[in-house]
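Beneath this line is the structure, given in structure tokens, with notes to follow.
Read-outs throughout are calculated quantities, based only on the coordinates presented, and are distinct from any laboratory measurement. Note that the structure is predicted; figures quoted are calculated from it, not measured. Please note: Cβ atoms are built from the backbone with ideal geometry, for glycine as well, and neighbour counts cover all protein chains shown.
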């Protein structure tokens with residue numbers, strides 16, 4: 001049952017302040033910790049975020065995409081307008097390849113599969129999302145089992161689309177909610193949401209060479 005009424009106190013991790021993975025004239029790739037917002041919230045107490053920290057260290061850094069507060073892993077910033085446009089088009093055309101690691105509740109019987117379920121916002125309970133075949137937007141996630149534990153399964157998740165909460169809702173739809181999920185499961189099942197953006201593959205804005213950047217999974 002989602003813990004929507006539980007009191008929320010924003011306490012972002014201070015260490016490490018920033019975790020660079022790669023820096024060059026066009027790109028900054030950072031490993032965002034779980035518990036840190038990607039962009040600032042609407043109130044002053046939610047001002048501390050990855051975007052603000054990056055702007056202090058690299059003035060002019062331009063955020064290209066986001067991760068949920070509870071999700072850790074790779075985020076890319078552009079250092080100039082041309083790079084921002086190039087990366088934005090790669091996301092728009094779905095050229096970017098993203099791979100996540102998750103631990104989900106229960107033992108998944110199959111070794112791999114694809115979830116193809118359209119999603120839309122669950123407006124009375126926003127920011128929750130829901131499967132909706134009538135009004136939902138296309139959402140697809142490929143998954144593959146890495147390891148089966150006693151009462152959980154470690155999986156690779158490869159989203160083909162980038163809908164809000166897509167991985168959380170698709171795993172829920174399979175009957176294997178992501179451990180530690182405060183929205184769709186039980187936050188007490190793990191110290192944090194067990195979801196990490198492990199790798200991001202893209203063409204470099206200068207020269208077009210294909211690169212894969214990796215942030216090792218912390219759980």
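Could you give me D for the chain, from Stokes-Einstein at 37 °C and 0.692 mPa s, where the hydrodynamic radius is the Kirkwood radius over C-alpha pairs? Units µm² s⁻¹, please. My calculation gives 181 µm²/s for D. Rounded to the nearest 10 degrees, the angle from helix 81-92 to the longest Cα principal axis of the chain is 20 degrees.
If you take the beta carbon distance between residue 148 and residue 19 as r and set R0 to 41 Å, what does 1/(1 + (r/R0)^6) give as a FRET efficiency, to the nearest 0.05?
Using R0 = 41 Å, I get an efficiency of 0.85.
The fraction of Cα-Cα pairs per 10 angstrom bin, counted from 0 for the stretch 1-87, comes to 16, 49, 26, 8, 1 percent, rounded to whole percents. With neighbours defined as other Cβ atoms within 10 Å of a residue's Cβ, the residues 169, 39 order from fewest to most as 39, 169. State whether the stretch 111-219 is rounded, prolate or oblate according to the following rule on the C-alpha gyration tensor (a ≥ b ≥ c being the square roots of its eigenvalues): a/c under 1.5 gives rounded; otherwise a/b larger than b/c gives prolate, and the remaining case gives oblate. The shape class here is oblate. Which of 205, 118, 13 moves the most in a Gaussian network model of the chain with Cα springs under 10 Å? Highest fluctuation among the options: 13. Reducing the stretch 142-217 and the stretch 11-30 to their Cα centroids gives an inter-centroid distance of 20 Å.
Convex hull volume of the C-alpha atoms in the stretch 48-117, normalised per residue: 125 Å³.
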